[in-house]
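No lab work stands behind these numbers, since they all come straight from the coordinates. It should be emphasised that the depicted structure is a prediction, and the values quoted were computed from it without experimental measurement. All Cβ positions, glycine included, derive from the backbone under ideal geometry; neighbour counts span all protein chains shown.
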Amino acid sequence: MTGTDSEETSIRKAEEADFEMVFRLLEQLLNVGESLNKEELEQVFMHEIADKDSFSLCAWREQEILGFLAGTICENYLYSGRYLYVSTLVVDKMHRGQHIGTLLLDTVIGEAKERGCRAVDLDSSFFRTASHEFYEHYGFRKRAFNFTMNI
């Protein structure tokens, strides 16, 4: 995957050494009182960066990760084939509005098209209204509710 530059920001595949900085970004997605299991997330991270059907991308500027995107190529009947599910997209709260999320999405969507994907799906928590505006501005449309059950 080639890097993409815009205002000194480059996009590249995530590497094992990136986990600590990515973890700090993931913590920004939490509500007050919530916490993440660092060890479990590290296992997920390592699995995803090794998986040929997964994407884990970092947006870099001056030795700092400012954004992270993770996604997986899936198949289903709705799209009659392959699609990309973006499970995580986070941009450091101090760097939002600088087109970092756009760079990450542009990069992963280009790769997904090359791999035969017909669509991109993602979900976003109800309270993330600024994220919803970003996704709609990018070209996503609200299509469904996402239901979750812990087992």
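Would you calculate the separation in nanometres between label points at ARG141 and LYS52, each defined as 7 Å from the Cα along the Cα-to-beta-carbon direction?
3.5
Using Cα pairs under 8 angstrom and six or more residues apart, how large is the relative contact order of the chain, in percent?
20
Is the shape of the range 1-96 rounded, prolate or oblate, going by the alpha carbon gyration tensor and its root eigenvalues a ≥ b ≥ c, with a/c under 1.5 for rounded and a/b larger than b/c for prolate?
Note, shape of the range 1-96 comes out oblate.
Return the FRET efficiency for the residue pair THR72, GLU20: r is the Cβ-Cβ distance, R0 is 25 Å, and the value is rounded to the nearest 0.05.
Efficiency, rounded to the nearest 0.05: 0.65.
Could you pull out which residues in the range 52-76 have an amide N less than 16 Å from a spot 7 Å beyond the Cα of GLU8, following the Cα-Cβ vector?
59-67
Give, as a single signed number, the net charge of other residues whose beta carbon lies under 13 Å from the beta carbon of LYS113, with Lys and Arg counted +1 and Asp and Glu -1.
Working: positive: ARG82, ARG115, ARG118; negative: ASP106, GLU111, GLU114.
Once positives and negatives cancel, what remains is 0.
Going toward the positive end of the dipole of the range 6-151, with +1 on Lys and Arg Cβ and -1 on Asp and Glu Cβ, which of LEU105, GLY139, THR9 do you reach last?
Checked the options; the winner is GLY139.
Kindly rank 71-84, 93-106 from highest to lowest mean number of other beta carbons found within 10 Å of each residue.
Per-residue Cβ counts within 10 Å, averaged per peptide and sorted highest first, yield 93-106, 71-84.
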